[in-house]
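Below: one structure, written as structure tokens.
The values are calculated or read from the model by the stated rules, or taken from the named source; none is laboratory data. Note that the structure is predicted; figures quoted are calculated from it, not measured. Here Cβ is always computed from backbone atoms with ideal geometry, including for glycine, and neighbour counts include all displayed protein chains. Quick note on the areas: whole protein, heavy atoms, side chains included, nothing else; ligands and nucleic acids left out. Shrake-Rupley method; radii C 1.70, N 1.55, O 1.52, S 1.80 Å.
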There are 2 protein chains.
Amino acid sequence: MSVTAAKGFQAAGIAAGIKQNGNPDLALVVNTGPRRAAAGVFTSNRVKAAPVLWSEQVLKGGQVSAVVLNSGGANACTGPKGFQDTHATAEKVAEVLGRGAIEVAVCSTGLIGVLLPMDKLLPGVETAAAQLSEHGGEKAAIAIKTTDTVHKTSVVTKDGWTVGGMAKGAGMLAPGLATMLVVLTTDADLDGETLDRALRAATKVTFDRVDSDGCMSTNDTVLLLSSGSSGTTPGYEEFAEAVRQVCDDLGRQLIGDAEGASKDIKVEVVGAATEEDAVEVGRSIARNNLLKCAIHGEDPNWGRVLSAIGTTRAAFEPDRLGVAINGVWVCKNGSVGEDREKVDMRYREVHIVADLAAGTETATIWTNDLTADYVHENSAYSS
Amino acid sequence: MSVTAAKGFQAAGIAAGIKQNGNPDLALVVNTGPRRAAAGVFTSNRVKAAPVLWSEQVLKGGQVSAVVLNSGGANACTGPKGFQDTHATAEKVAEVLGRGAIEVAVCSTGLIGVLLPMDKLLPGVETAAAQLSEHGGEKAAIAIKTTDTVHKTSVVTKDGWTVGGMAKGAGMLAPGLATMLVVLTTDADLDGETLDRALRAATKVTFDRVDSDGCMSTNDTVLLLSSGSSGTTPGYEEFAEAVRQVCDDLGRQLIGDAEGASKDIKVEVVGAATEEDAVEVGRSIARNNLLKCAIHGEDPNWGRVLSAIGTTRAAFEPDRLGVAINGVWVCKNGSVGEDREKVDMRYREVHIVADLAAGTETATIWTNDLTADYVHENSAYSS
């Protein structure tokens with residue numbers, strides 16, 4: 001049900017011809033109110049795509065009537081013309097829906113450094129608007145796929161209100177604040193400030209801790225829109241938990257569909273002095289190419305975990321470190337632990353626990369293995 | 001000629017049986033004086049192998065009579081027993097040569113987390129000592145190979161004095177202070193302080209800027225020994241330049257033999273506000289897996305260069321960035337530049353220039369492409 005699970009939203013997904021293969025490539029999500037409150041988080045990459053620069057301005061107004069999303073081109077590093085194209089897209093949506101352009105967020109995904117075919121995109125907006133429906137969430141989720149093999153949606157329904165959403169993302173997946181494109185909707189009756197607080201709290205422990213390939217995108221955007229149409233105002237904690245659940249579910253789906261991956265790796269850092277230490281260590285382990293290759297080979301090579309920990313500034317003593325892989329403590333006190341032959345790595349999900357023995361804080365980072373398929377897919381992406 | 005090109009040094013390389021395949025695995029380099037001055041730089045990884053912890057102590061004494069090096073095992077993450085083994089190795093060398101153990105540096109390389117077979121290693125020291133020769137440099141260079149396909153040596157001879165050296169390293173190649181194992185020798189008559197200054201100046205701009213796979217080793221060691229036997233004391237600048245040349249040559253050889261690589265990539269950052277900015281940006285580009293895959297596919301995907309620059313703290317404006325690949329400015333002013341079809345990427349060496357347009361400082365980082373062969377080699381390394 002995706003973004004139309006919550007009441008007060010319509011969506012559509014169509015093939016506008018932006019992708020040369022004819023696959024769906026344009027999605028529209030419209031908030032029919034009564035509220036139009038919204039919050040957003042964006043990539044912390046300093047090279048930001050035109051739609052990110054535009055949508056950041058939109059969000060400052062605190063009202064979002066519609067989100068238009070395209071795959072088939074990131075509209076990043078496209079200069080003033082790229083920004084004009086984003087603006088023209090928002091104006092077109094505004095015109096068709098009878099809203100103000102400054103309430104239209106724009107998201108793009110695809111190859112960097114290529115201008116969008118506006119002669120396909122603008123007519124596509126009209127086609128999409130004509131197909132808007134309260135059942136269009138699934139089609140919208142499909143239209144934002146790039147190298148994704150499946151579309152990603154998630155819904156949590158509580159007592160009288162709902163949070164739903166869609167996500168895309170399969171590569172260049174290492175957010176600094178958000179991840180790839182995500183639109184969340186809710187019919188809970190909440191103001192923009194509450195949405196913002198709940199969204200930032202959720203992304204910090206979900207999308208922000210998804211690190212498939214260490215490469216931060218220029219286009220990452222996560223939006224949360226409220227229509228208020230349920231007439232229900234839940235307590236903050238309950239609402240924030242629902243948003244976190246949806247984000248967590250979508251983040252897990254992103255990892256599960258990462259380019260070329262054969263393993264989903266849960267890196268759990270425990271015994272850290274601070275949460276920041278735990279995140280830094282988790283990210284260092286998650287980004288270690290040699291370890292990612294070892295996991296691909298189902299090799300519990302814990303020495304590569306220790307060498308990754310050793311590059312961080314976190315508090316720890318080398319001779320107190322411990323590492324468990326799928327429940328077997330193969331490293332104890334910084335040295336050889338249980339028999340590595342006991343480690344069963346046949347399944348897709350692999351669980352690495354790194355114990356810093358320096359405190360009680362924890363953090364979990366999700367990543368993938370490094371595979372020949374990842375190399376093949378990404379050595380031929382634009383050519 | 002390697003480490004025996006300079007007068008006053010003997011070396012040997014033998015198969016002690018540490019490697020199960022019977023290949024050479026033990027090297028000995030001996031300084032026959034009259035001087036025994038030395039300097040060393042070590043990995044900045046906080047998880048340090050036993051031989052690094054030992055050799056750091058040796059270097060504090062400022063005198064090195066001999067270096068014993070083994071491949072076939074890193075002796076890292078091996079606890080107190082590992083350190084005892086390193087100590088016993090130094091004691092054995094000291095006993096055989098009639099020197100003090102505190103003047104014997106030890107280097108190990110190979111798999112992390114495995115104890116060395118001391119029943120093979122200690123008799124090997126006696127065998128190696130019996131084969132010490134002023135022509136043994138080549139054999140020593142061969143004995144320290146792990147996944148290296150070729151051994152690496154370099155020599156610069158000046159007016160009456162020489163700097164020579166050997167290196168090993170093919171993976172886990174991203175130094176924070178040095179790289180893998182390198183022994184340099186000179187017969188120039190210089191004290192330890194001068195050696196230290198020249199060595200640090202050289203490694204900072206050579207090994208420190210070799211970043212093949214972003215993975216920092218637990219065992220990196222670079223040693224520079226002076227026998228003083230030429231009786232010549234060159235000026236500091238001339239000597240430092242010779243050391244830099246040897247380090248540069250060896251560093252380039254490491255990149256040329258990196259595991260699974262099909263491209264050697266020179267990332268040159270220009271127009272930086274500071275040298276630190278240039279290094280940070282160069283390293284970020286060099287570590288971007290998506291870009292490394294694109295280069296493997298001979299795809300001049302400059303958008304991935306910009307997305308890597310955008311993750312740094314360096315001074316720059318996104319709309320002033322420029323990127324040239326093999327001489328073609330495919331990105332100008334942060335947007336599309338010359339026709340990417342003009343870029344010829346058929347050869348092994350690829351030259352990327354990133355212009356930050358923010359100053360006059362520069363730095364060059366060398367890296368490799370990311371290949372299916374790298375994945376295959378490293379997914380089966382320990383199993």
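As a test, work out the antiparallel percent of DSSP beta bridges whose residues both lie in segment B:2-256, rounded to the nearest 5. Of the beta bridges lying entirely in segment B:2-256, close to 75 percent run antiparallel. Ordering A:Val58, B:Asn31, B:Val330 by Cα displacement along the dipole of the protein assembly as shown toward the positive end leaves B:Val330 in first place; charges were set at the Cβ atoms of Lys, Arg (+1) and Asp, Glu (-1).
In nanometers and ordered shortest first, the copy-to-copy spacing of the B:Asp159 label point, defined 7 Å from Cα toward Cβ, is 9.2.
Chain A and chain B together bury an accessible surface of about 4000 square angstrom, both sides counted, with a 1.4 Å probe and no ligands or nucleic acids included. Distances between equivalent label points of B:Glu91 across the copies, with each point positioned 7 Å along Cα→Cβ, amount to 8.3 nm, shortest listed first.
Charged side chains reduced to their Cβ positions (Lys and Arg at +1, Asp and Glu at -1) give segment B:264-379 a dipole of some 180 debye around its Cα centre.
A dipole drawn for segment B:2-256 from +1 and -1 charges on Cβ atoms has a positive end, and of B:Ala88, B:Phe42, B:Ala105 the residue lying farthest that way is B:Ala88. For the residue pairs B:Lys60/B:Lys168; A:Lys48/B:Lys342; B:Lys145/B:Lys266; A:Lys81/A:Lys120; A:Lys266/B:Lys48; A:Lys92/A:Lys120, the C-alpha atoms sit more than 22 angstrom apart in B:Lys60/B:Lys168; A:Lys48/B:Lys342; B:Lys145/B:Lys266; A:Lys266/B:Lys48. For the pair B:Val205 and B:Asp159, label points projected 7 Å from Cα toward Cβ lie 2.2 nm apart.
Between B:Ile265, B:Ala202, B:Tyr236, the Cα set farthest toward the positive side of the dipole of segment B:176-272 (charges on each charged residue's Cβ, about the Cα centre) is that of B:Ile265. Shape class for segment A:186-297: prolate, because the ratio a/c of the largest to smallest gyration tensor axis (alpha-carbon atoms, square roots of eigenvalues) is 1.5 or more and a/b beats b/c. Residues in the protein assembly as shown average 34 Å² of solvent-accessible surface per residue, probe 1.4 Å, ligands and nucleic acids excluded. Per-atom-type breakdown for chain A gives carbon and sulfur 48% of the accessible area (1.4 Å probe, protein chains only).
In this simple spin-label model, placing a label point 7 Å from the Cα along the Cα-to-Cβ direction at both B:Gln57 and B:Lys342 gives a separation of 6.1 nm. Model label sites at A:Gln84 and A:Ser44, defined 7 Å from Cα along the beta-carbon direction, differ in position by 3.5 nm.
An ellipsoid equivalent to segment B:223-278, defined through the eigenvalues of its Cα gyration tensor, has semi-axes of 30, 20, 8 Å when rounded to whole angstrom and sorted largest first. Across the identical copies, the 7 Å label point of A:Gln131, projected outward along Cα→Cβ, sits 7.3 nm from its counterparts, in ascending order.
Translational diffusion of segment A:79-162, estimated by Stokes-Einstein from the Kirkwood radius over alpha carbon pairs at 37 °C in a medium of 0.692 mPa s, is 219 µm² per second. Closest approach of any chain B Cβ to the axis that rotates B onto A belongs to B:Ala372, 2, distance given in whole Å.
When you count, for each residue, the other Cβ atoms within 10 Å and take the mean per peptide, how do A:328-334, B:307-313 rank with the highest first? Show your work: numbers first, answer last.
On the way: A:328-334: 19.9, B:307-313: 22.7.
The packing order, highest mean first, is B:307-313, A:328-334.
For segment B:279-376, what does the alpha-carbon gyration tensor say about shape, rounded, prolate or oblate, given a ≥ b ≥ c as the root eigenvalues, a/c under 1.5 as rounded, and a/b over b/c as prolate?
Verdict is oblate for segment B:279-376.
How would you classify chain B from its alpha-carbon gyration tensor, with a ≥ b ≥ c the square roots of the eigenvalues: rounded for a/c under 1.5, else prolate if a/b is greater than b/c, otherwise oblate? It comes out prolate by the Cα gyration axes.
Antiparallel beta bridges, as assigned by DSSP with both residues in segment A:159-245, represent about 50 percent of the total such bridges. Counting only Cβ charges, +1 for Lys and Arg and -1 for Asp and Glu, the dipole size of segment B:1-90 around its Cα centre is about 220 debye. For chain A, the relative contact order works out to 18 percent when only alpha carbon pairs closer than 8 Å and six or more residues apart are counted.
From other protein chains only, count the Cβ atoms within 10 Å of every residue's Cβ in B:293-302, then give the mean.
Details: counts 13, 6, 1, 5, 9, 3, 6, 2, 8, 4.
If you average over the peptide's residues, the count of other-chain Cβ atoms is 6.
Between A:Glu275 and A:Ser133, take the C-beta separation as r, use R0 = 51 Å, and let me know the FRET efficiency to the nearest 0.05. Here the calculated transfer efficiency is 0.75.
Under 17 Å of direct C-alpha separation, and excluding same-chain neighbours fewer than eight residues apart, B:Lys332 reaches these aspartates and glutamates: B:Glu268, B:Glu317, B:Asp319, B:Glu341, B:Asp355. Peptide B:2-12 is shielded by partner chain Cβ atoms: per residue, an average of 0 of them sit within 10 Å of its Cβ.
Remark: the protein assembly as shown projects, on average over all directions, an area of 31.4 nm² (convex hull of Cα atoms). The dipole here belongs to chain A: it is taken about the Cα centre, uses +1 on the Cβ of Lys and Arg and -1 on the Cβ of Asp and Glu, and is about 700 debye.
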